[in-house]
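Read the structure below first, then the notes.
The values are calculated or read from the model by the stated rules, or taken from the named source; none is laboratory data. Source: prediction; values computed, not measured. Don't worry about glycine lacking a Cβ; one is built from the backbone with ideal geometry, like all the others, and counts go over all protein chains shown. These accessible areas exclude ligands, DNA and RNA; they are computed on the full protein's heavy atoms, side chains included. Shrake-Rupley method; radii C 1.70, N 1.55, O 1.52, S 1.80 Å.
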Amino acid sequence: MGWYRVPGPQFQLNGDAVAGFWNSKSDAIVLADSVLEDGSIVRHEMLHALLQRGGHPVEQFLEACASVVTCPACGPWHPPPGYTLVPPESLTTGSHAQLMSAESDGQRWLALEITVTNAAQHAVVLDYPGHPEKPPIFGFDIRGPLGGLITSEIAFDSSTLYFAPLATKTWRYEFLVAPDLSYTHVPVGQHFIRGGYANAWAAWDTVDVRP
């Protein structure tokens, strides 16, 4: 069984307050209402289901899938020796926003995919002055009819700061088309949106969000 803790509304599982878990017996994922639209947490539980095991193996949660799942309970990860510390602008950051087709249940989503590439022939680690313990990493900046919102994920371990030679990391945000603007919602109307990594931002995309 694999489970996930986050701040906010949760439920009890064997005496622990959790936001979601994967049940190995039924191969089912159960999520609190507060995280149903949070892709990184949903993917965390999906990874448990794909691996068919509980726990958080380092080679999966903090290496292979570090850029698509969040895992603050996974413990520390230390980069291998032989890397160079670099500022965010030394990496190449890009993003692409796309309004997805309406799904069978009538929901529609705006997807934002962010890519960050180390163009160097050697390994690098992000050096972000002022945030030595939990620096901001992948984030988005969106502006539209209801105002704007800027937010970033936090690096809970160094695996998200480490780039192998010529490596690319990706992160995906999904926004449900809804009446409000939030971390997981976007209203109808024209929006300007871009992705970023630390304080390095990609070019703006213009998206006409429709129901």
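Okay, helix-only estimate at 222 nm for the chain: each DSSP H run of n ≥ 4 adds -39500 (n - 2.57), divide by all residues, round to 500 deg cm²/dmol; what do you get?
On the way: 1 runs with 13 residues, N = 211.
About -2000 deg cm²/dmol.
Could you state the accessible area per residue of the chain in Å², with a 1.4 Å probe and every protein chain left in place?
50 Å²
Once you have the Cα-Cα distance between residue 167 and residue 183, take 0.36 nm times their residue separation minus that, and quote the gain in nm to one decimal.
3.0 nm
Hey, of [x] 0.98; [y] 0.93; [z] 1.00, which did the structure itself give for Rg/Rh (Cα atoms, Kirkwood Rh) when calculated?
[x]
If I model a spin label as a point 7 Å beyond the Cα along the Cα-Cβ vector, how far apart are those points for residue 154 and residue 49 in nm?
Placing both labels 7 Å beyond Cα along the Cβ direction yields 2.8 nm.
Sticking with the crude label model, points 7 Å out along Cα→Cβ, report the distance from residue 59 to residue 92 in nm, one decimal please.
3.0 nm
To the nearest 0.05, what FRET efficiency results for residue 26 and residue 134 with a Förster distance of 35 Å applied to their C-beta separation? Intermediate results must be reported in sequence, preceding the final value.
Working: r = 35 Å, r/R0 = 1.01.
FRET efficiency, residue 26 to residue 134: 0.50.
Per the 1.4 Å probe, what fraction of the accessible area of the chain, in percent, lies on carbon and sulfur atoms?
Taking all protein chains in place, the chain shows 54 percent carbon and sulfur surface.
Calculate the spin-label point distance for residue 192 paired with residue 210, positioning each point 7 Å from the Cα along the beta-carbon direction, and give it in nanometres.
2.3 nm
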